[in-house]
Amino acid sequence: MNHESISQICFAEIYVVPSHQTARSLFTRLPHGMAYADTLIECLATGYLIAVVESICIKEMQQQIDPDIEVVVGRSIRIEHRAPIPPGSAIRVSGWVEQVGRRSTTFCIRAFDDHELVCEGQVTLVAADRESIESRIATKMNSLQDLGAAV
């Protein structure tokens, strides 16, 4: 991880909200949300907003690591979804690095549509050892397969 370059990251991106990323659309596909999904509004789901913001931060940090030995993973996300964002809206997501640790980076982010501030928060990412993460995942997958074979 290149600490000096990471500390200088600053970005501004435009994201247009697709119609399939609404709260109604997302909750229709979730077992606990199907019963009430049709009562929700047709605006960007908070879960998708988090994914959009995190993906932009990861893209920026990805440019400063060695992908053969490191992988960027999320550690924490604190988002305030402040206003509705209907499908077709363009949101301007901007961010900058607030803090750099030994392996982690915290971004400050803000998003605006044409009318107002719709989101602000912090995203903390970690440049993790790829081999270690892949090993941990493999251990869990093997456990799942063993559990499935025992049933």
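Of the set (1) assigned to a strand (DSSP E or B); (2) crowded, with 17+ Cβ neighbours inside 10 Å, all apply to Val73 but (2). Select from region 92-128 the residues that are over 14 Å from the mean Cα position of the chain (by Cα) and hydrophobic (A, V, I, L, M, F, W, C) and list them in ascending order. Trp96, Val97, Val100, Phe112, Leu117, Val118, Ala127, Ala128 - these are the residues of region 92-128 that are over 14 Å from the mean Cα position of the chain (by Cα) and hydrophobic (A, V, I, L, M, F, W, C). Out of the residues in region 79-133 meeting the condition of being of a type in the set (Asp, Glu) and in a strand (DSSP E or B), tell me which one is nearest to Ser55 (Cα to Cα). My answer is Glu120.
Among the residues of region 1-55, those that are surrounded by 14 or more Cβ atoms within 10 Å (Cβ to Cβ) and charged (D, E, K, R) comprise Glu13, Arg24, Glu54.
Under the condition of being closer than 27 Å to Ala90 by Cβ and polar (S, T, N, Q), the residues counted in region 1-18 number 1. The residue that is nearest to Ala90 (Cα to Cα), among those in region 19-43 that are assigned to a loop (DSSP other than H, G, I, E, B) and hydrophobic (A, V, I, L, M, F, W, C), is Cys43.
Every number in this text was worked out from the coordinates using simple rules, so none of it is lab data. Keep in mind it's a predicted model, so treat the numbers as computed, not measured. In this analysis, Cβ positions are derived from the backbone assuming ideal geometry, glycine residues included, and neighbour counts consider all displayed protein chains.
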